[in-house]
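Trainee: Provided herewith is a single structure, encoded as structure tokens, for subsequent inquiry.
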Amino acid sequence: MAVLLVRHARAGSRKYWKGNDIERPLSKKGLHQAEGLVDMLARYPIKRIVSSPYVRCVQTVEPAAEKLKMKVEVLPELAEGAGPDEILPLLRRAAGSTIVWCTHGDIVPIVLDAIAEDGVKLKKADRRYAKGSFWELEQDKKGRVTKATYFPAPEAD
């Protein structure tokens, strides 16, 4: 039972994107990272794949969802700018199954800080969250994270 906490893969430049940021897609490198995540995630007994509503997050987990014949569920609580009060209850409710969460670079440290406060040992150097990487957050039956393991982003050609 785990939450697989994925930071979205590389997206196009925020600086040069003219549209609404929620619609900013993955870059070519990001699309390759998303494909590389498929085998990394598919080795888990995934029951659900959930994502921030931002296009770049959905695109990051779509290839894995396709391989696993699942749909990507959109959760506004995983959107950029969400706070601990929105995110941390989701973590507790995830207990009992393995779920992929795809979110943003401001959300991952909120989760890491919360699990560290709960007693999971994380050194400052361990608090990585590169684009396209993920954390395996092992949980007990009550949803408390008992162990956190970092997986770097797959290499993109």
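Read-outs: derived from the displayed coordinates by stated rules, not from any lab. Since the structure is predicted, the reported quantities are computational estimates derived from the model, not experimental observations. Every residue, glycine as well, gets a Cβ built from its backbone with ideal geometry; the counts of neighbours run over all protein chains shown.
Trainee: Expressed as an acute angle from 0 to 90° and rounded to the nearest 10, what is the orientation of the C-alpha long axis of helix 28-42 relative to the principal long axis of the chain?
Mentor: 30
Trainee: List the trypsin sites (Lys or Arg not before Pro) within the range 1-47 that fall in a DSSP loop (any state other than H, G, I, E or B) and whose Cβ has at most 15 other Cβ atoms within 10 Å.
Mentor: Arg14, Lys15, Lys18, Arg43
Trainee: Same structure, new question: Helix-only mean residue ellipticity at 222 nm, the chain, DSSP H runs n ≥ 4 weighted -39,500 (n - 2.57), per residue, nearest 500. What is it?
Mentor: Taken over the chain, the calculation gives -9500 deg cm²/dmol.
Trainee: Only Lys, Arg, Asp and Glu count, each charged at its Cβ (+1, +1, -1, -1), so figure out the dipole size of the range 2-151 about its Cα centre, rounded to 20 debye.
Mentor: 400
Trainee: Just rank Thr60, Thr149, Thr98, fewest to most, by other beta-carbon atoms within 10 angstrom.
Mentor: Thr149, Thr98, Thr60
Trainee: Let me ask something else. Report the chymotrypsin sites (Phe, Trp or Tyr not before Pro) located in the range 1-100 that are in a DSSP loop and have at most 16 other Cβ atoms inside 10 Å of their Cβ, or state none.
Mentor: Tyr16, Trp17
Trainee: Once the mean 1/r over all distinct Cα pairs of the range 84-125 is inverted, what Kirkwood radius in angstroms do you read off?
Mentor: Its Kirkwood hydrodynamic radius stands at 11.3 Å.
Trainee: Further, regarding this structure: Taking every pair of alpha-carbon atoms in the range 2-151, give the share separated by more than 29 Å as a whole percent.
Mentor: Roughly 11 percent, once rounded to a whole number.
Trainee: Given the pairs Lys29/Lys142; Lys71/Lys141; Lys15/Lys147, which span a C-alpha to C-alpha distance of over 31 angstrom in this model?
Mentor: Correct reply: Lys29/Lys142; Lys15/Lys147.
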